[in-house]
Structures are given as C-alpha cells and as structure tokens.
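J.: First, the structure itself, so that you have it in front of you.
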Amino acid sequence: MLESLVFYTLAAFIIGFGVLVVTARNPVHCVLFLAANFLCVAMIYVLLAAEFLAMIQILVYAGGIVVLYLFVVMLVNLRRPPDAQVDGRRQALFGFVLVALLLAEMSAILVYSGAHPSNVAAVVPQFPSGGNTETIGMLLYTDYLVPFELASMLLLVAMVGAIVLARKEA
C-alpha cells in the first residue's frame, strides 16, 4: 500500500514537472524542472529495486545532460525579440490531430489494461543472488560485448566531432 502511494505520488510529480518544463517562460527554470523530473524517475527506479539504473539516471541525465542543456541555454541569446513573421510551415491542425490520436491510443491502452489485468510476477525477471547490477555487468561484458563496444566507439566519434566543430578557427 505504501509502495503504491509513493509510486503514484512520484508519477504525479513527474507529470507535473514535465508540464512545467514545457510551460515555464524562463529557460533556466525549464532546465531545473527537467532535472527534478529526472530525479523523480530515478526514485521510481529505486522503488523497482534497480539501484544501478537509478544511479545511471542521476549521473548521466540529471548530471551530464542537464549541465549540457544549461550551457546551451547560457550560450544562446534567448533575450532577443521573436521574429515578426509567422512561420508558414507551422501546421497547428496537424499537431492537434496527432495529439488527439495519441490521447485516444493511451485511453485505449488504459481501458484494455483495466479490463485484462496481467500477472506482474510473470513480467518481472528474477535475478540470481548477486543482484541486478551484477547481472547487468555480466550481460554487458559477455553476451552484449560487441554492441557495448560499438556504442562506446560511436560516443567517442561524436565527442571528437563536437570538439572539432566547437573549436575556433585559427
């Protein structure tokens, strides 16, 4: 009962912070609300006994990505007046139709899941005595070694490319 209450409270905070990210007028406040959103997601990971994912969520997203967003917000001049012309490519009606379809799909999923409850114990995998962090480590360095190394090489190439693009021409 307490776990459900904490989950629903965190879910409400996540939705609230998500709305604040989109609706806040100050871009720095948007980034701070995003950081709070990431921290609430990390708390949900802790509730699910996925401590490793919670720490990665905090280190990578709440730490690294939010700092990157803050640098971008500070480097870009956001105080200039908006353009006087209206963007002709903007398609508000198409956006509203897509949002309506998304809400209809989410409603259908909620109605279906309410009518057909699933057995949660069959969905959640049981980890050996070492815990989920040890299991993730063993899978990363045995079965998924090649994709893990390819992802690291891709990140290295992206980092070098960002450094080359960011340096000033001499």
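Taken together, the values in this text are just the output of simple stated rules run on the coordinates, not laboratory data. Remember, predicted model here, so these are calculated numbers, not experimental data. Reconstructed Cβ throughout: ideal geometry from the backbone, glycine too, with neighbour counts over all protein chains shown.
J.: What's the ranking of 29-40, 64-75 by average number of surrounding C-beta atoms within 10 Å, highest first?
T.: Working: 29-40: 19.0, 64-75: 13.0.
The densest-packed peptide leads the list: 29-40, 64-75.
J.: Once you have a ≥ b ≥ c as the square roots of the Cα gyration tensor eigenvalues for the range 1-77, tell me rounded if a/c is under 1.5, and otherwise prolate or oblate according to whether a/b is larger than b/c.
T.: It comes out oblate by the Cα gyration axes.
J.: Packing-wise, with mean Cβ within 10 Å as the measure, how do 11-22, 104-115, 136-147 rank, highest first?
T.: 11-22, 136-147, 104-115
J.: At 7 Å along the Cα-to-beta-carbon direction for both LEU59 and MET1, put a label point, then send me their distance in nm to one decimal.
T.: In this crude label model, LEU59 to MET1 measures out at 3.9 nm.
J.: Grab the beta carbon distance between ALA100 and GLU149, set R0 = 35 Å, and tell me the FRET efficiency rounded to 0.05.
T.: 0.20
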